Amino acid sequence: MAASATQEADCKASEDARLFFDAAKPPPFRIGDVRAAIPAHCWRKTPLRSLSYVARDLLIVAALLVAAASSIDLAWAWAWPLYWAAQGTMFWALFVLGHDCGHGSFSDSAMLNNVVGHLLHSFILVPYHGWRISHRTHHQNHGHIERDESWHPITEKLYRKLETRTKKLRFTLPFPLLAFPVYLWYRSPGKTGSHFLPSSDLFSPKEKSDVIVSTTCWCIMISLLVALSCVFGPVPVLMLYGVPYLVFVMWLDLVTYLHHHGHNDLPWYRGEEWSYLRGGLTTVDRDYGWINNIHHDIGTHVIHHLFPQIPHYHLIEATKAARPVLGRYYREPEKSGPLPLHLFGVLLRSLRVDHFVSDVGDVVYYQTDHSLNGTDWAEDAKHK
C-alpha cells in the first residue's frame, strides 16, 4: 500500500515536472551543441544568391514606383493605400537585406557588405554603420536589462519617473510603431547618444569614421528628397516615398518588438545569471504567412540571434535541425493565415501588460501598471 502511494506520488511529481517548465532555468545544452546540430552548408554564404534577392526587391520597388508615378492623378485615389502598403513592405524587405549586410551574412566580403548595405539603408533613411554597430551591441547583450540596446525593458524606478502622458504614448498604438526614427536620433529611455553622431558613446574611436560615412550618405538621401520636392512638389514625394517610409517603420517596429515580447515566460537577466545563450533563447520566432518570403524569413529569429552569420535563406533549415537540441526552450510560432493578423492581438496584449521590470533581482519578468489601462490616466490628464 505504502509502495503504491509512493509510486503514485513519484508519477505525479514527474507529470508536474513535464507540465511546468522554467524558461529562466539554465538550459541543459551548450551553444556548441546547437551549432553542431546545424548542417555545415547552412553556414555558407553565396554572394550571387544574396545579390539576386537585392535585384528582385529593387525591381519590385521600381515597378511599383513607376506604376504609381504614372497614375498620380486623383482618379486613382482608391489605389494609393494599396501602393503604400506594398511599397512600404518592400522598403522593409530592403532593410532586412541591409541588415544581413551588417551581420556579414550577406557575403564574406566586407567591402561588398558595406557597399550594398549603404545603398539599401541610405535609400530608406537608415545610417548603415551607426545602426549596424548598435545592432551588434543588441545581439551581443540581448536579454541583459542594462546592456541590451533595443526593445529592452525599463526598470520600475525609471518607469515611475516618466510622465503619465509619456507612459500612455509608449504603450498606445500607433506610437510604438513609429519609434524607430526617434530611436535612431535619441536611443532608448535611460540611454544617451545618437546613431548619427560619431561622438556618441555608442561608438569606439576607431568606428567614428564609419559613422561619418553613413551619416553623410543619409544626408545625401535627405538632400535628394528635398531636391525632388522642389522639382515635383512635396505632395508627390510624400505620396510616393513618405507614406511608404512610414509603413516601413511600422513593419520594423512591429517585427522587432514581437521578436522580444508577447510571451509570459520571457525572462530578463542581470549579473552572472545572464549569458549569451540564455539571452538568445528569450527571442521568439513568428510566422507571417506568405509575407515570410517577402521579408526574407526575418521571423525565424531564434537561430538568427544565436548565429547571426547564417544567411537568411538557410535559417528555416537551420532552425529545423536545431529544434531537437533546443527542446522546450524553443517556442513554436503560432501558424499564420495568408496575412499575419493574429499578431496584432499579440501586440495589443503585450502593450497592455509588459510595462516595466523590477529594479532588483538577477532574473526578472515584465510587470504591469494596472493604472495605465484604467481610468487613472484620464483623471491625471484632466489635471495636467
### Summary
Set Lys45/Lys320; Lys161/Lys208; Lys161/Lys191; Lys168/Lys335, cut-off 22 Å on Cα-Cα distance; pairs above it are Lys161/Lys208; Lys168/Lys335
### Task
Take the Cα atoms of region 271-339, find their three principal axes, and give me the spread along each one in whole Å, biggest first.
42, 24, 23
### Query
Given the Cα atoms of region 225-327, and with Rh set as the inverse mean 1/r over their pairs in the Kirkwood sense, what is Rg to Rh to two decimals?
1.15
### Summary
In Å², rounded to a whole number, the accessible area per residue of the chain with probe 1.4 Å is 49
### Mean ellipticity per residue at 222 nm, deg cm²/dmol - from DSSP H runs of n ≥ 4 across the chain, formula -39500 (n - 2.57)
-17000 deg cm²/dmol
### Query
Counting only the heavy atoms of the protein chains, how much of Cys230 is accessible to a 1.4 Å probe, in Å² to the nearest 10?
110
### Message
Given a 10 angstrom Cα cut-off, can you work out which residue in Thr319, Thr282, Thr172 is the most mobile in a GNM of the chain?
### Response
Thr172
### Task
Would you mind telling me which residue in Leu125, Leu252, Leu228 has the biggest mean-square fluctuation in a Gaussian network model of the chain, where springs connect alpha carbons within a distance under 10 angstrom?
Leu228
### Query
Mind checking the angle between helix 110-123 and the chain's longest principal axis? C-alpha axes, 0 to 90 degrees, to the nearest 10.
70
### Query
Roughly how tilted is helix 128-141, in degrees to the nearest 10 and between 0 and 90, from the longest Cα axis of the chain?
0
### Message
Using the Cα centre of region 267-384 as the reference point, and only Cβ charges (+1 on K/R, -1 on D/E), how large is the resulting charge dipole? Debye, rounded to the nearest 20.
### Response
320
### Message
In whole Hz and in residue order, list the ³J(HN,Hα) couplings for region 174-191 that follow from phi through the Karplus curve 6.51 cos²θ - 1.76 cosθ + 1.60, θ = phi - 60°; x for Gly and Pro.
### Response
x, 4, x, 8, 10, 7, 4, x, 5, 4, 4, 7, 10, 6, 8, x, x, 10
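Counting other Cβ atoms within 10 Å, keep those with at most 12, restrict to DSSP loop, and tell me which trypsin sites (Lys or Arg not before Pro) in region 26-121 are left.
Listed in order of number, the matching sites are Arg30, Arg44.
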### Query
Considering the values (i) 266; (ii) 194; (iii) 133, which represents volume of the Cα convex hull per residue in Å³ as calculated for the structure under consideration?
(ii)
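Given a Förster radius of 30 Å and the C-beta distance between Ile220 and Val182 as r, what FRET efficiency does 1/(1 + (r/R0)^6) yield to the nearest 0.05?
On the way: r = 22 Å, r/R0 = 0.74.
For Ile220 and Val182, the calculated efficiency is 0.85.
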### Task
Please calculate the 1.4 Å probe accessible area of Ile291, with all protein chains present, and give it to the nearest 10 Å².
10
### Task
Report the extension gain between Leu158 and Glu146 in nm, rounded to one decimal, defined as 0.36 nm multiplied by the number of residues separating them, less their alpha carbon distance.
3.1 nm
### Task
May I ask you to give the percent of accessible area on the chain that is carbon plus sulfur, with a probe radius of 1.4 Å?
65
### Message
Compute a Gaussian network model of the chain, connecting alpha carbons closer than 10 Å, and tell me which residue from Phe171, Phe21, Phe203 fluctuates the most.
### Response
Phe21
### Query
Once you put a point 7 Å from the Cα of Asp33 and another 7 Å from the Cα of Phe175, both along the Cβ direction, what distance in nm separates them?
4.4
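Given charges of +1 on the Cβ of Lys and Arg and -1 on the Cβ of Asp and Glu, with all other atoms neutral, how large is the dipole of the chain about its Cα centre, in debye to the nearest 20?
On the way: 35 positive and 35 negative charges, 107 e Å.
In debye, rounded to 20, the chain gives about 520.
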### Query
At what distance in nm do the modelled label points of Ser71 and Leu48 sit from each other, each positioned 7 Å from its Cα along Cα→Cβ?
3.6
### Query
Looking at Gly190, His261, Phe95, which one has the Cα that reaches farthest to the positive end of the dipole of the chain (charges on Cβ: Lys, Arg +1; Asp, Glu -1)?
Phe95
### Between helix 315-326 and the chain: long-axis angle, C-alpha atoms, 0 to 90°, nearest 10
10
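On a full-extension model of 0.36 nm per residue, what is the gain between Cys230 and Asn264, subtracting their alpha-carbon distance, rounded to one decimal in nm?
Contour length minus Cα-Cα distance gives 7.2 nm.
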### Query
How about region 139-184: which GluC sites (Glu not before Pro) there are in a DSSP loop, with at most 16 other Cβ atoms within 10 Å of their Cβ?
Glu146, Glu163
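The values are calculated or read from the model by the stated rules, or taken from the named source; none is laboratory data. This is a predicted model, so every value here is computed, not measured. Backbone-built Cβ (ideal geometry, glycine too); neighbour counts: all protein chains shown. The area values use the complete protein model at the heavy-atom level, side chains included, leaving out ligands, DNA and RNA. Shrake-Rupley method; radii C 1.70, N 1.55, O 1.52, S 1.80 Å.
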